[in-house]
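What follows is a single structure, written as structure tokens, with notes after it.
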């Protein structure tokens, strides 16, 4: 995997593009809601490769492999936990094929559906689950790790510890923050970010938060507390009757202000498309 020093040499300065949404895009492509996303992708690989190829063409430099729920607990609900190594490896390979010139991030997420991250007695189990998936991602050839939509500081600490135990130094961490700058657990993000930088996170930030007027000031506050790159990967708001409130012009305007306030690794979450990443690429050119 890419060493943290090399990652920071490439991404510490300037603005760099991540990808946009995977799940909501695949649903539009026909993936049923509530299915095992990983299994569906392996049965319909063309849907993923077309999407990720479009992200790469739009300017994404780091693309998240669709391993979001490819851990033993989530896969176990579908009787696939014994296939964790193969599934993670196949999903990394599909992403590599779609975007051979991009860095491929092995994606991890919250375990809240299975374990209570606020219960310290769950820490060892969380670490074990993350470590098993990280090992599979390493064997599959991921370039780095991206743990996103985390809800509690202990989840991030478990990911970072598991990564160290598996010899991985480049881990991007992002939380599903509230607009007021607190984690879903109630912890203050500024304090948590400062602690996680000390624990080795290569980049820190937020995802699945609405791209609205509250976001740029939050980016500004958080950037002042960390020296590693700040991740900003917002969504287009909560869908109502199938319509999301943040349209492309609003998303573009908000993200321009986020970049001006210190967001360095930018992309999109639920509701975003390659068109959103292309818009971010245009903003970056105008700011440089």
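Could you list, in sequence order, the residues of region 133-151 that are in a strand (DSSP E or B) and within 18 Å of residue 228 (Cβ to Cβ)?
Within region 133-151, 144, 145, 146, 147, 148, 150 meet the criteria.
Step by step: first the residues of region 89-132, then only those that are under 16 Å from the mean Cα position of the chain (by Cα) and assigned to a helix (DSSP H, G or I), then the one that is nearest to residue 183 (Cα to Cα). Which residue is that?
So, considering only residues that are under 16 Å from the mean Cα position of the chain (by Cα) and assigned to a helix (DSSP H, G or I), the one nearest to residue 183 (Cα to Cα) is 130.
Of the conditions (1) modelled with pLDDT under 95; (2) surrounded by fewer than 18 Cβ atoms within 10 Å (Cβ to Cβ), residue 237 fails just one. Which one is it?
Every condition holds for residue 237 apart from (2).
How many of the residues in region 183-198 are part of a loop (DSSP other than H, G, I, E, B) and surrounded by 16 or more Cβ atoms within 10 Å (Cβ to Cβ)?
The total comes to 4.
Would you pick out the residues in region 31-55 that are within 30 Å of residue 282 (Cα to Cα) and surrounded by fewer than 19 Cβ atoms within 10 Å (Cβ to Cβ)?
45, 46, 47, 49, 50, 53
Looking only at residues that are crowded, with 20+ Cβ neighbours inside 10 Å and under 21 Å from residue 247 (Cβ atoms) in region 209-229, which one is nearest to the chain's Cα centre (by Cα)?
Going through the qualifying residues, I end up with 209.
Which residues, counting only those in region 152-182, are surrounded by fewer than 21 Cβ atoms within 10 Å (Cβ to Cβ) and part of a loop (DSSP other than H, G, I, E, B)?
166, 167, 169, 176, 178, 179, 180, 181
Output the residue which, of all residues in region 219-234 that are in contact with a helix residue (DSSP H, G or I) (Cβ under 8 Å, 6 or more places away or on another chain) and not in a loop (DSSP other than H, G, I, E, B), is farthest from residue 195 (Cα to Cα).
In this case the residue turns out to be 234.
Just to be sure I understand, how many residues within region 235-282 are within 28 Å of residue 49 (Cβ to Cβ), in contact (Cβ under 8 Å) with a residue 40 or more places away in the chain and not in a loop (DSSP other than H, G, I, E, B)?
12
Would you confirm, using the coordinates I've provided, whether residue 242 is surrounded by fewer than 17 Cβ atoms within 10 Å (Cβ to Cβ) and modelled with pLDDT under 95?
In short, yes.
So which of 99, 105, 93 ends up being surrounded by 15 or more Cβ atoms within 10 Å (Cβ to Cβ), modelled with pLDDT of 95 or more, touching a helix residue (DSSP H, G or I) at 6+ places or on another chain (Cβ under 8 Å) and under 15 Å from residue 19 (Cβ atoms)?
Sole residue among the options that is surrounded by 15 or more Cβ atoms within 10 Å (Cβ to Cβ), modelled with pLDDT of 95 or more, touching a helix residue (DSSP H, G or I) at 6+ places or on another chain (Cβ under 8 Å) and under 15 Å from residue 19 (Cβ atoms): 99.
Working carefully through the options 76, 14, find the one that is over 18 Å from the mean Cα position of the chain (by Cα), at pLDDT 95 or above and over 23 Å from residue 274 (Cβ atoms).
The unique qualifying residue is 76.
The values are calculated or read from the model by the stated rules, or taken from the named source; none is laboratory data. Small disclaimer: the values here were computed from a predicted structure and weren't measured. Cβ sites come from the backbone with ideal geometry, for glycine too, and all protein chains shown count toward neighbours.
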